[in-house]
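Structure first, commentary second.
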């Protein structure tokens with residue numbers, strides 16, 4: 001009997017060991033948190049470092065809130081046309097609320113020499129700075145959405161919103177603080 005037990009393979013104590021090890025390999029989300037905070041930090045830096053306009057900050061914070069609200073509507077799983085329309089309107093307002101202060105901040109850069117200003121160069125600068133503002137706003141939206149998708153699998157809706165708000169506000173605050181240190 002001893003020889004027989006040596007020839008038979010031992011039963012696997014964990015029959016789904018390979019499946020579980022594959023699930024453990026998924027990322028923890030720290031990379032998404034860092035990317036999201038850095039992108040919001042860039043937005044906070046741009047809004048603070050470039051113009052002397054404190055009225056831009058409330059717009060950025062409201063835009064973050066609207067974006068989190070839109071993500072919450074999508075994550076809640078309501079598939080009705082009114083929920084999709086509401087989410088779309090919120091996302092549009094959030095994008096506008098972030099692009100507007102970023103565009104104002106980035107277009108604040110200009111020439112000190114009034115004689116050097118030409119219409120084509122000014123128009124080109126306005127277009128490039130506005131496209132840069134749209135790119136930063138899209139990056140903020142992309143990072144927040146990706147982080148929200150990652151968090152909703154692990155956390156409740158309320159916890160997801162809290163983490164997203166914390167990451168966004170932390171990034172904006174640290175970027176704004178860095179912008180205030182600029183001469």
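The values are calculated or read from the model by the stated rules, or taken from the named source; none is laboratory data. Nothing here was measured: the structure is a model prediction, and the numbers come from that model. As a convention, Cβ positions derive from the backbone with ideal geometry for all residues, glycine included, and neighbour counts pool all protein chains shown.
Considering the conditions (1) part of a helix (DSSP H, G or I); (2) touching a helix residue (DSSP H, G or I) at 6+ places or on another chain (Cβ under 9 Å), residue 155 is excluded by exactly one of them, (1). Does any residue of segment 6-27 turn out to be at pLDDT 50 or above and within 18 Å of the chain's Cα centre (by Cα)? For segment 6-27, residues at pLDDT 50 or above and within 18 Å of the chain's Cα centre (by Cα): present. When 68, 73 are checked against the criterion of being assigned to a helix (DSSP H, G or I), within 27 Å of residue 159 (Cβ to Cβ), free of Cβ contacts under 8 Å to residues at least 24 places away in the same chain and in contact with a helix residue (DSSP H, G or I) (Cβ under 8 Å, 6 or more places away or on another chain), a single residue qualifies: 73.
Yes or no, residue by residue, for (1) in a loop (DSSP other than H, G, I, E, B); (2) touching a helix residue (DSSP H, G or I) at 6+ places or on another chain (Cβ under 8 Å); (3) surrounded by 14 or more Cβ atoms within 10 Å (Cβ to Cβ); (4) in contact (Cβ under 8 Å) with a residue 40 or more places away in the chain:
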residue	(1), (2), (3), (4)
105	no, yes, yes, yes
109	yes, yes, no, yes
121	no, no, no, no
125	no, no, yes, no
131	no, no, no, no
143	no, yes, yes, yes
146	no, yes, yes, yes
151	no, yes, yes, yes
170	no, yes, yes, yes
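On inspection, residue 180 passes the criterion of being in contact (Cβ under 8 Å) with a residue 60 or more places away in the chain, over 20 Å from the mean Cα position of the chain (by Cα) and under 14 Å from residue 41 (Cα atoms). Residue-level analysis places residue 82 outside the set of residues that are under 27 Å from residue 159 (Cα atoms), in contact with a helix residue (DSSP H, G or I) (Cβ under 9 Å, 6 or more places away or on another chain), surrounded by fewer than 10 Cβ atoms within 10 Å (Cβ to Cβ) and modelled with pLDDT under 85. Going residue by residue through segment 85-96, is there one that turns out to be assigned to a loop (DSSP other than H, G, I, E, B), touching a helix residue (DSSP H, G or I) at 6+ places or on another chain (Cβ under 7 Å) and under 20 Å from residue 176 (Cα atoms)? No. Restricting segment 51-62 to residues that are within 19 Å of residue 134 (Cβ to Cβ), without any contact (Cβ under 8 Å) to a residue 60 or more places away in the chain and assigned to a helix (DSSP H, G or I) leaves a set whose member that is farthest from the chain's Cα centre (by Cα) is 56.
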